[in-house]
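Have a look at the structure below before the remarks.
The values are calculated or read from the model by the stated rules, or taken from the named source; none is laboratory data. Just so it is clear, the model here is predicted, and its values are computed rather than measured. Virtual Cβ from ideal backbone geometry, glycine too; neighbours counted across all protein chains shown. For the accessible areas, the whole protein counts, side chains as well, though only heavy atoms, and no ligand, DNA or RNA atoms are used. Shrake-Rupley method; radii C 1.70, N 1.55, O 1.52, S 1.80 Å.
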Amino acid sequence: MINSPICGLLGIEHPIIQGGMAWVSDGTLAAAVSNGGGLGIISAMSADAGYLSRQVARARSLTDRPFGVNVMLMSPYAGEVARTVADMGVSVVTTGAGNPSKYMKMWIDSGVAVIPVVASVALARMMERSGASAVIAEGGESGGHVGDTSTLVLVPQVCDAVGIPVIAAGGIADGRGFAAVRALGACGVQIGTRFLVADECSIHDNYKDKIIKASDIATVVTGRRLGHAVRSLKTPFSRAYLKAEYDSALPDEDLEKLGVGALRLAAVEGDAEHGCFLAGQVAGMVKKRQRAADIISEIMAEAEVVIKGASEWAV
Amino acid sequence: MVFEKIAEIIAEHLGLAADSVSRDSSLEDLGIDSLDTVEMVMQLESDLGVELELEGKISTVGELVDFVESKL
Ligand SMILES: Cc1cc2nc3c(=O)[nH]c(=O)nc-3n(C[C@H](O)[C@H](O)[C@H](O)COP(=O)(O)O)c2cc1C
């Protein structure tokens, strides 16, 4: 058994959070993760408040355990979904792609624990001051929107800078990764990529196949030119996008248009040609489909072996 | 005084001469992203001894100066 201050804080058994994933983590996946003893997170993605209320209701019909909602701050509906999170009394909110300062007071006043995803020390400090319960320090090896600094380098610096619990994300998919970030000072992990292949995850089968087949060098970052870097699998779409990015004759607006709808095409249609298959570098380590609960128990069991064995490394 | 301070911080951040930063400079054109902005705001807080709650998006150096001045 591995203990962690975030278990008490969030009312969960194992310190594993399933990261919010646009077009991927719905009420069904979140409930499966929470039933497995972790914390499931529903992605509010770029949908409206009606979508979010339905997913929260769905998760509540499948589990009595706590789960959270991820608010993507770039979403045009960020304001209304932020309100829904407070109104529906969701236990935890995580935020991605930006600075959630303007919603923090509303959430905290409604009793929602706020756990922002941060990719820098300065944002972590600002979030602690605004009343965050913990922060998720997300390294650039993650899938989805990414910062530049890697998990190995970011996590200890965030741990040194703040007094609240730090959860590590990016590049963690097994018990070794869990133990490694524990050694860096994190008291829990957020995992995205490995949950893509969970049985309860409803993405297209082609997507899951691509994750299972991915190698250690299977991902690439695109979108740096427009200021929103995204990590995804190397596919015809990402190669074409990368090429367009280096084409200085192509206006930014046209580049922006290239990406529209590509996430849906990957997750819903499994379109190998035009889809954008978000995934972390750790995809190369994800080799089998499993129930979400089994993913969690396997990681925890492996982590325990590594952490107990570590005492032999020093004499 | 706030402008000079901000220009100095930006220049140091980017390795430029302070006089190459003007009120009209866009943060994006200077190559400053949102994480850089948060970092500079935190540094301004400790240098100026104020609390700055970043809310809206700030696009130019002049907007950042006005925002900081409104909090002094
Ligand atoms: C398919 C996919 C979609 C994601 N979408 C979001 C999102 O909408 N909001 C967010 O904050 N993070 C998003 N992320 C990041 C995850 O929540 C998590 O932090 C990340 O996947 C952790 O790194 P890992 O992929 O190496 O496990 C996404 C990640 C993936 C793989």
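May I ask for the net charge around A:Glu302, where only other residues with Cβ less than 9 Å from the Cβ of A:Glu302 are counted and Lys, Arg are +1 while Asp, Glu are -1? Walk me through the intermediate numbers first.
Details: positive: A:Arg176; negative: A:Asp174, A:Glu298, A:Glu304.
Net of charged neighbours comes to -2.
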Practice prompt. Quick one: what are the phi-derived ³J(HN,Hα) couplings along segment B:16-33, Karplus 6.51/-1.76/1.60 with θ = phi - 60°, whole Hz, x for glycine and proline?
Written response: 10, 7, 4, 7, 8, 9, 10, 4, 7, 4, 7, 4, 4, 5, 6, x, 9, 9
Discussion item. Give the separation of the Cα centroids, segment B:21-35 to segment A:249-315, in Å.
Written reply: 33 Å
Discussion item. Tell me which of B:Ser70, A:Ala49, A:Val305 sits at the most positive position along the dipole axis of the protein assembly as shown, charges placed on C-beta atoms (Lys, Arg +1; Asp, Glu -1).
Written reply: A:Val305
Item to complete: Could you pull out every residue, at least 5 positions away or on a different chain, whose amide H is within less than 5 Å of the one on A:Gly188? Hs are placed 1.01 Å off N in the peptide plane, and Pro or chain starts have none.
Response: A:Ala168
Item to complete: Name the residue farthest towards the positive end of the dipole of chain A from the options A:Val81, A:Gly223, A:Ile167, assuming +1 on Cβ of Lys and Arg, -1 on Cβ of Asp and Glu, about the Cα centre.
Response: A:Ile167
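What order do A:Phe237, B:Phe3 take when sorted by accessible area (1.4 Å probe), most exposed first? Spell out each step's value before the answer.
Values: A:Phe237 30, B:Phe3 55 Å².
The ordering from most to least exposed comes out as B:Phe3, A:Phe237.
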Worksheet item: Using the membrane-span-like helix rule (whole DSSP H runs, Cα extent along the own axis of at least 27 Å, mean Kyte-Doolittle hydropathy at least -0.5), which helices of chain A qualify?
Response: none
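Relative to the Cα centre, what is the charge dipole magnitude of segment B:2-71, using +1 at the beta carbon of each Lys and Arg, -1 at the beta carbon of each Asp and Glu, and rounding to the nearest 20 debye?
Values: 4 positive and 18 negative charges, 14 e Å.
With only Lys, Arg, Asp and Glu charged at Cβ, the dipole is about 60 debye.
Decide, for segment A:159-261, between rounded, prolate and oblate: order the square roots of the alpha carbon gyration tensor eigenvalues as a ≥ b ≥ c, take rounded if a/c falls under 1.5, and otherwise choose prolate if a/b is larger than b/c, else oblate.
Details: a/c = 2.62, a/b = 1.51, b/c = 1.73.
Judged from the Cα gyration tensor, segment A:159-261 comes out oblate (a/c at least 1.5, b/c at or above a/b).
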Item to complete: Quick one: Debye curve from the alpha-carbon atoms of segment A:219-278 only, equal weights, vacuum; give me log10 I(q)/I(0) at q = 0.12, 0.13, 0.24, 0.26 Å⁻¹ to two decimals.
Response: -0.24, -0.29, -0.96, -1.10
Worksheet item: Can you give the mean number of other chain Cβ atoms that lie within 10 Å of the Cβ atoms in peptide A:220-228?
Response: 1
Worksheet item: Which far-off residues, 5 or more places away or on another chain, put their amide H under 5 Å from the one on A:Asn70, with H placed in the peptide plane?
Response: A:Ile42, A:Ser43, A:Ala44, A:Thr94
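How high is the FRET efficiency from A:Asn206 to A:Met74, r the C-beta distance, R0 25 Å, rounded to 0.05? Each step should come with its number before you reach the end.
Values: r = 26 Å, r/R0 = 1.06.
In this case the efficiency is close to 0.40.
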Worksheet item: Loop-only check: which trypsin sites (Lys or Arg not before Pro) in segment A:268-297 are DSSP coil with at most 10 other Cβ within 10 angstrom?
Response: A:Lys288
Worksheet item: Say the cut-off is 19 Å between C-alpha atoms; which of A:Lys210/A:Lys234; A:Lys102/B:Lys57; A:Lys257/B:Lys57; A:Lys288/A:Lys308; A:Lys287/A:Lys308; A:Lys105/B:Lys5 go over it?
Response: A:Lys257/B:Lys57; A:Lys288/A:Lys308; A:Lys287/A:Lys308; A:Lys105/B:Lys5
Worksheet entry | Part-to-part distance (alpha-carbon centres) for segment A:164-194 and segment A:61-124, which is given in Å | 21 Å
Worksheet item: So what is the relative contact order of chain A, in percent, for Cα pairs below 8 Å that sit 6 or more residues apart?
Response: 17 percent
Worksheet item: What residues from segment A:1-43 fall in the zone where the backbone N is under 15 Å from a label point 7 Å along the Cα-to-C-beta line of A:Ala301?
Response: A:1-2
Fill in: Reference-scaled alpha-carbon Rg (2.2 N^0.38 Å with N residues) for chain A
0.94
Worksheet item: Where does segment B:4-72 land on the Kirkwood hydrodynamic radius, alpha-carbon pairs, in angstrom?
Response: 12.0 Å
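What percent do you get for the relative contact order of segment B:11-72 when only Cα pairs under 8 Å and 6+ apart count?
Normalised by residue count, the contact order of segment B:11-72 is 40 percent.
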Worksheet item: To the nearest 500 deg cm²/dmol, what mean residue ellipticity at 222 nm is calculated for the protein assembly as shown from DSSP H runs of n ≥ 4 alone, each contributing -39,500 (n - 2.57), summed and divided by the residues?
Response: -12500 deg cm²/dmol
